[in-house]
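A.B. asks: Here you go, one structure.
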């Protein structure tokens with residue numbers, strides 16, 4: 001095959017803002033496959049808040065994305081050539097495909113062959129993808145909600161947050177979402193069936209508002225934000241509350257900002273806070289996927305998407321996501 | 001019986017310092033027992049850092065100590081009169097006896113009848129008492145150390161800290177203690193067998209010192225202090241670290257002070273922080289006691305005491321403890 005690849009590569013690191021021009025588009029010819037490798041024609045790539053960390057050099061959980069390499073990204077696609085007997089031409093896969101049209105990968109880069117089903121391919125990057133897996137792991141493995149618990153979710157309309165809210169409803173919890181606009185609030189109430197939603201740009205005193213709508217206190221808190229929203233919610237946690245730190249999009253990564261010390265709250269409430277990194281759950285990927293798929297097919301999980309077209313739109317989509325102006329899972333159709 | 005009781009009662013609340021003259025000594029006559037009650041002649045009472053919180057009105061895990069009532073305190077003593085068929089004259093008990101010579105109690109105030117053994121009675125308030133139970137619960141139930149883990153303990157010479165350090169050694173961990181003087185450091189190394197001890201009044205940069213003595217990072221952190229010591233240690237935690245917040249003696253309770261936000265650290269390290277309140281483990285008191293007793297009898301747990309004489313010395317002993325000038329478990333022999 002003599003295929004021309006288009007890649008979106010990193011040229012500069014954020015300082016500190018993530019801007020479109022940190023990236024560049026390059027084209028080259030797809031090389032020959034080595035043993036064990038296979039070639040994937042990429043259908044969709046995922047745009048995620050964690051990318052802010054991946055392209056930075058500040059101490060993190062993974063190596064910084066290298067310059068002139070395709071931006072690290074989850075994607076779905078179809079195998080069109082293979083030198084690996086376990087991966088056949090025609091198989092659909094989900095995994096680390098990068099921001100590019102064609103991706104040469106090894107099995108370690110792939111999370112899962114997508115089982116044959118009538119689910120839209122793109123859903124495997126949303127509520128059935130990393131975001132759904134993250135929500136499932138954080139809520140069910142770390143928060144372990146009981147029936148009737150009150151669950152608060154930040155970035156409630158986001159692709160992780162909305163999955164958390166919906167899974168919490170499946171487990172008969174009372175769900176409260178925090179989001180940034182009335183448009184997203186409407187979306188949260190109608191598409192993701194939150195019991196209550198607070199637009200933090202409308203209601204400044206989240207802590208007092210929570211005391212009104214959840215006087216019984218908060219048992220589980222799934223946080224993607226940090227900062228002042230975190231503080232306000234922590235003021236309302238119950239004894240034995242479980243808090244997941246899944247993201248910190250609302251606070252700078254570096255230098256570390258100051259905020260109220262939480263030691264006394266943790267002690268008095270015998271509460272637990274734990275960081276979640278979805279990489280730690282990759283050995284359970286298929287198992288969690290199947291549970292999510294079952295809920296999805298039963299209509300218990302709604303998957304909303306915000307799709308841009310053409311791999312060259314990926315940087316713009318990332319900036320849009322980090323500005324919070326997307327509505328639904330941000331994807332790029334390649 | 002016509003017995004005269006001596007009680008140390010609370011007269012004022014701290015504002016914010018804990019001073020001797022917050023308390024007053026009163027005497028009265030021991031009243032008749034009601035059904036189910038029994039009378040304990042108190043032998044020793046315990047002096048604990050948590051008392052700072054108990055006598056304050058700031059939001060806490062238990063009701064503030066009432067004025068003109070004996071100061072809330074653990075103690076050991078002997079039953080000298082009873083109207084409860086389950087508690088006989090001559091039984092020794094440990095429980096909430098208060099700062100007084102004689103205590104009329106009900107079963108709910110008692111944690112345990114002390115089994116007949118050749119252990120000094122006072123040890124039931126130290127490494128075999130609340131402090132040992134706290135150390136055991138926090139380290140083994142929350143931190144769950146693995147063999148070879150590095151465990152850091154603040155207030156390392158204190159009655160809880162020293163028990164944590166010793167239990168961690170039983171589980172083949174590397175133990176690092178943080179303490180406030182070279183006298184305590186010597187005590188930690190020789191009596192409690194810490195592998196390393198940092199005197200924070202001598203070595204100001206705890207974080208750098210930890211990088212030298214524990215370049216492999218910290219897996220378990222049992223904290224009784226909060227504040228800047230907490231920050232320095234958190235800079236050195238490993239992936240999947242487990243942190244127990246057992247006390248906050250190094251930071252004001254109110255208003256809540258600011259410090260570096262830990263969300264990013266928790267996320268990147270997939271670490272867990274949990275508050276510990278020993279009241280939650282009272283249903284396991286006897287079970288944990290028996291395990292501690294076994295280690296004690298085998299010489300694996302050293303119990304050091306700092307005993308003052310006469311119930312009227314209790315307030316002075318509390319101030320001494322909060323100043324950190326005791327050496328060993330602070331007790332009052334009544």
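Taken together, the values in this text are just the output of simple stated rules run on the coordinates, not laboratory data. This is a predicted model, so every value here is computed, not measured. Quick reminder, even Gly has a Cβ in these numbers, built from the backbone with ideal geometry, and neighbours come from all protein chains shown.
A.B. asks: Computed over the Cα atoms of the stretch B:130-279, what is the ratio Rg over Rh, Rh following Kirkwood?
C.D. replies: 0.93
A.B. asks: Which distances, in nm and shortest first, link the residue B:16 label point to the same label point in every other copy, taking 7 Å along Cα→Cβ?
C.D. replies: Distances to the matching label points in the other copies: 2.8 nm.
A.B. asks: Give the angle, between 0 and 90 degrees and rounded to the nearest 10, that separates the Cα long axis of helix A:182-191 from the longest principal axis of the Cα atoms of chain A.
C.D. replies: So the helix axis and the longest Cα principal axis differ by about 80 degrees.
A.B. asks: Another one. If you take every DSSP beta bridge whose two residues both sit in chain A, what share of them, in percent to the nearest 5, is antiparallel?
C.D. replies: For chain A, the DSSP antiparallel bridge percentage is about 55.
A.B. asks: With the label 7 angstrom out along Cα to Cβ, how close does residue B:203 come to the same site in each of the other copies, in nm, nearest first?
C.D. replies: Those separations, rounded to one decimal, come out as 4.9 nm.
A.B. asks: Kindly state, to the nearest 0.05, the FRET efficiency for residue B:144 paired with residue B:116, given R0 = 41 Å and r defined as their beta-carbon distance.
C.D. replies: It comes out at approximately 0.80.
A.B. asks: Quote to one decimal, in nm, the extra length available between residue A:21 and residue A:254 on full extension: 0.36 nm per residue of separation minus the C-alpha distance between them.
C.D. replies: 81.7 nm
A.B. asks: Can I ask one more? Quick check: pseudo-label points 7 Å beyond the Cα along Cα→Cβ at residue B:108 and residue A:172, how many nm apart are they?
C.D. replies: Distance between label points: 3.0 nm.
A.B. asks: Then there is this: Between 0 and 90 degrees, rounded to the nearest ten: what's the tilt of helix A:159-170 against the longest Cα principal axis of chain A?
C.D. replies: Here the helix axis deviates by roughly 60 degrees.
A.B. asks: From the label point of residue B:36, set 7 Å from Cα along Cα→Cβ, how far away are the matching label points in the other copies, in nm, ordered shortest to longest?
C.D. replies: Distances to the matching label points in the other copies: 7.0 nm.
A.B. asks: Using only DSSP helix segments of four residues or longer, with each worth -39500 (n - 2.57), what per-residue ellipticity at 222 nm results for chain A after dividing by its residue count and rounding to 500?
C.D. replies: Taken over chain A, the calculation gives -6500 deg cm²/dmol.
A.B. asks: Just need log10 I(q)/I(0) for the stretch B:229-298 at q = 0.21 Å⁻¹, Debye formula, equal scatterers on the alpha-carbon atoms, no solvent, rounded to two decimals.
C.D. replies: Normalising to I(0) and taking log10 leaves -0.98.
A.B. asks: Right, next: Considering only DSSP beta bridges whose two residues both sit in the protein assembly as shown, what percent are antiparallel, to the nearest 5?
C.D. replies: 55
A.B. asks: What does the highest-first list of B:18-27, A:125-134, B:96-105 look like by mean Cβ count within 10 Å?
C.D. replies: A:125-134, B:96-105, B:18-27
A.B. asks: Report, please, the projected area of chain B averaged over directions, based on the convex hull of its C-alpha atoms, in nm².
C.D. replies: One quarter of the hull surface, i.e. the mean projection, equals 16.5 nm².
A.B. asks: Would you mind calculating the relative contact order of the stretch A:1-134 from Cα pairs under 8 angstrom and at least 6 residues apart, reporting the percent as a whole number?
C.D. replies: The normalised contact order for the stretch A:1-134 reaches 26 percent.
A.B. asks: Let me ask something else about it. Going by C-beta contacts inside 10 Å, put A:42, B:268 in order with the fewest on the left.
C.D. replies: B:268, A:42
A.B. asks: Across the Cα atoms of the stretch B:13-154, what radius of gyration and what greatest pairwise Cα-Cα distance (Dmax) are found, in Å?
C.D. replies: 17.4, 56
A.B. asks: Test of understanding: extend the Cα→C-beta vector of residue B:33 to 7 Å, then name every residue of the stretch B:105-143 with backbone N under 19 Å from that spot.
C.D. replies: Under 19 Å, as judged by backbone N against the label point of residue B:33, lie B:105-115 of the stretch B:105-143.
A.B. asks: Over every pair of different alpha-carbon atoms in the stretch A:21-70, take the mean of 1/r and invert it; report that Kirkwood radius in Å.
C.D. replies: Hydrodynamic radius (Kirkwood, Cα only) of the stretch A:21-70 equals 13.9 Å.
A.B. asks: Need one number: % antiparallel among DSSP beta bridges in the stretch A:1-155, to the nearest 5.
C.D. replies: 95
A.B. asks: Moving to a separate point now. Could you work out, residue by residue across B:223-230, how many beta carbons of other chains sit within 10 Å of that residue's beta carbon, and then give the average as an integer?
C.D. replies: 2
A.B. asks: Let me ask something else. Using only alpha carbons, build the gyration tensor for the protein assembly as shown and give me the equivalent ellipsoid semi-axes, biggest first, whole Å.
C.D. replies: One finds semi-axes of 56, 26, 22 Å for the protein assembly as shown.
A.B. asks: Give the relative contact order (percent, whole number) for chain A; include only Cα pairs under 8 Å separated by 6+ residues.
C.D. replies: Reported relative contact order: 18 percent.
A.B. asks: Going from the alpha-carbon gyration tensor of the stretch B:290-334, what semi-axes, largest first and in whole Å, does one get by taking the root of 5 times each eigenvalue?
C.D. replies: Listed largest to smallest, the semi-axes of the stretch B:290-334 are 26, 12, 7 Å.
A.B. asks: Mind checking the mean number of beta-carbon atoms from other chains within 10 Å of the Cβ atoms in A:242-252?
C.D. replies: Mean partner-chain Cβ count within 10 Å for A:242-252: 3.
A.B. asks: Test of understanding: ordering A:218, B:114 by Cβ neighbours within 10 Å, fewest first, what list do you get?
C.D. replies: B:114, A:218
A.B. asks: List the extent of the Cα atoms of the stretch B:249-332 along each of their three principal axes, largest first, rounded to whole Å.
C.D. replies: Principal axes ranked by extent give 48, 34, 24 Å for the Cα atoms.
A.B. asks: Give the whole-number value, in cubic angstrom per residue, of the convex hull volume spanned by the C-alpha atoms of the stretch A:76-187.
C.D. replies: Roughly 137 Å³ of hull volume per residue.
A.B. asks: Tell me, A:122, B:162, B:73 in order of fewest to most beta-carbon neighbours within 10 Å?
C.D. replies: A:122, B:73, B:162
A.B. asks: So, one more: Calculate log10 I(q)/I(0) of the stretch A:132-175 for q = 0.22, 0.27, 0.30 Å⁻¹, where I(q) comes from the Debye formula with a single equal point scatterer on each Cα and nothing for solvent.
C.D. replies: The calculated log intensity ratios at q = 0.22, 0.27, 0.30 Å⁻¹ are -0.60, -0.91, -1.11.
A.B. asks: Here's a follow-up. Given the stretch B:166-218, report the % of alpha carbon pairs whose separation exceeds 14 Å.
C.D. replies: I get 52 percent for the Cα pairs in the stretch B:166-218 exceeding 14 Å.
A.B. asks: Could you work out the relative contact order of the stretch A:130-279? I mean the mean sequence separation of Cα pairs under 8 Å and 6+ apart, divided by the number of residues, in percent.
C.D. replies: After rounding, I find 23 percent.
A.B. asks: Distance in nm between label sites at residue B:235 and residue B:12, each 7 Å beyond Cα in the beta-carbon direction?
C.D. replies: The two pseudo-label positions are separated by 4.0 nm.
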